[in-house]
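A short worksheet on the structure shown next.
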Amino acid sequence: MTLVIIAESREKGEKIAAAMGLSKKGDKRISGTYNGRRAVLCWASGHLFQPIDPEQAKPDCNWFDPKSLLPLPVPGKMKLSERGGPLFKVIKDVLKDATEVWIGTDADREGEAIGRDDIRYAPYKGPVKRLWFSGALEKADIDKAIRDIYESADKIPTWRAQQARQGADWLWQFLVRAY
């Protein structure tokens, strides 16, 4: 039984790990025992995935002929960023042994997307919960987030809001090239 916590960055991950009593440092991860279970904390570095470029979505379009842009492709296809590769390799490896995952990224729609994208592309299919930090990452704030941990479904609207915003931004980028 392994609990995996995904933090947004190394610095934030180190604070969460310290508050949870995890201290064994490894390659882009910190592990230990939390409440009698094996726990591993790893981190992203912001978004590890990015939307594909418009040219990849529709390679046959001609940017000088707006009609060739139609029909618009469906936004949402993602690719691993160059900087994300090494970190995602660790996250994917850690998630292989996970029996439960806690998303410990920033408490906003971008933080939600960072954690959920990592889990989705790993792919991990087990139980997920959400740590929601409402203050600084002091031990008391982290302890409160653990006590008040959310079920995954509670924060799906936040993730969907980010996906809608990202899709709108991507379509705008696609269309603006016609001008």
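For region 57-79, a residue qualifies if it is of a type in the set (Gly, Ala, Ser) and part of a loop (DSSP other than H, G, I, E, B), and exactly one does: Gly76. Arg130 fulfils the conditions (1) surrounded by fewer than 20 Cβ atoms within 10 Å (Cβ to Cβ); (2) modelled with pLDDT of 95 or more; (3) not aliphatic (A, V, I, L, M) except for a single criterion, (1).
Could you list all residues from region 103-127 that are among the charged types (D, E, K, R), open to solvent by less than 50 Å² (accessible area, probe 1.4 Å) and not in a helix (DSSP H, G or I)? The one that is among the charged types (D, E, K, R), open to solvent by less than 50 Å² (accessible area, probe 1.4 Å) and not in a helix (DSSP H, G or I): Asp106.
Go over the candidates Thr105, Thr99, Thr158 one by one and state the one that is of a type in the set (Ser, Thr, Tyr) and closer than 15 Å to Trp43 by Cα. Going through Thr105, Thr99, Thr158 in turn, just one is of a type in the set (Ser, Thr, Tyr) and closer than 15 Å to Trp43 by Cα: Thr105. Among the residues of region 37-55, just one is open to solvent by 60 Å² or more (accessible area, probe 1.4 Å) and within 28 Å of Met1 (Cα to Cα), namely Arg38.
Pro66 meets all of the listed conditions (1) farther than 15 Å from Leu41 by Cβ; (2) surrounded by 17 or more Cβ atoms within 10 Å (Cβ to Cβ); (3) in contact with a Leu (Cβ under 9 Å, 6 or more places away or on another chain) but one, namely (2). Inspect region 135-148 for any residue being within 21 Å of the chain's Cα centre (by Cα), in contact (Cβ under 8 Å) with a residue 60 or more places away in the chain and in a loop (DSSP other than H, G, I, E, B) and give the result as yes or no. Yes, there is a match, as at least one residue in region 135-148 is within 21 Å of the chain's Cα centre (by Cα), in contact (Cβ under 8 Å) with a residue 60 or more places away in the chain and in a loop (DSSP other than H, G, I, E, B).
Among what's in region 11-27 and is charged (D, E, K, R) and over 30 Å from Pro75 (Cβ atoms), pick the residue that is least open to solvent (accessible area, probe 1.4 Å). Result: Glu14. Of all the residues in region 133-153, those that are in contact with a strand residue (DSSP E or B) (Cβ under 7 Å, 6 or more places away or on another chain) and open to solvent by 50 Å² or more (accessible area, probe 1.4 Å) number 2. Only one of the listed residues (Trp132, Trp159, Trp172) is without any contact (Cβ under 8 Å) to a residue 40 or more places away in the chain, over 19 Å from Gly13 (Cα atoms) and either aromatic (Phe, Trp, Tyr) or touching a Leu at 6+ places or on another chain (Cβ under 7 Å) (or both). That residue is Trp172.
The values are calculated or read from the model by the stated rules, or taken from the named source; none is laboratory data. Everything quoted here is computed from the prediction, not taken from an experiment. In this analysis, Cβ positions are derived from the backbone assuming ideal geometry, glycine residues included, and neighbour counts consider all displayed protein chains. Areas reflect the complete protein model, heavy atoms only, side chains present, ligands, DNA and RNA absent. Shrake-Rupley method; radii C 1.70, N 1.55, O 1.52, S 1.80 Å.
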